[in-house]
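What follows is a set of notes on a single structure, which appears directly below.
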Amino acid sequence: MTERETTRLVAWSQELRRVHSRLREALSVTRDSLADGTSGEAATRELLLYCHGFCTALDGHHQSEDRTLFPAVAAAHPELRPVLRSLEQDHSMIAHLLGSLRDAVDRAAPPEELDHHLEGIAAIMENHFRYEERQLLAVLETLELTAAPGEALGPI
């Protein structure tokens, strides 16, 4: 294996860490916009934008993993299929929570309710990311996958 191939293989684990870091930051920005307490139409539009961007990014990340990354991991490491099923179940639960947040934002729910949704998503998301990193980072350092990073990990 060439140094370039090794660099690309190790890059999958690094790319997953980067994606998780960007999603954590997007959630933080969204929560900060809510905590800002600014009222009025401009603040509502800003919160809608942040929530929409965060929800779209997180959902896209999980869909890409389910469609591209996880099948490649399962093919190379069949012993990880139970872990992948658990991660996919998390994706489904997080998608449900994101849908509830979108509904709350669309009906202009009070800030306390929106923060409750974001807090729940933050807790599940962080637990999911940590588990995924513990279970998959070492595998991703040796995974041979020819997909583009956006295809495997989402367009963020």
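All of the numbers you see were taken from the coordinates with simple rules; none came from a lab. Please read these numbers as outputs of a predicted model, since none were measured by experiment. Note that we place each Cβ from the backbone using ideal geometry, even for glycine, and neighbour counts take in every protein chain shown.
List of remarks:
- Selection count where residues are over 15 Å from Leu47 (Cα atoms) and either of a type in the set (A, V, I, L, M) or not in a helix (DSSP H, G or I) (or both), scope segment 93-145: 19
- Filter result for Leu118 (over 13 Å from the mean Cα position of the chain (by Cα), farther than 14 Å from Leu58 by Cβ, surrounded by 15 or more Cβ atoms within 10 Å (Cβ to Cβ) and among the hydrophobic types (A, V, I, L, M, F, W, C)): no
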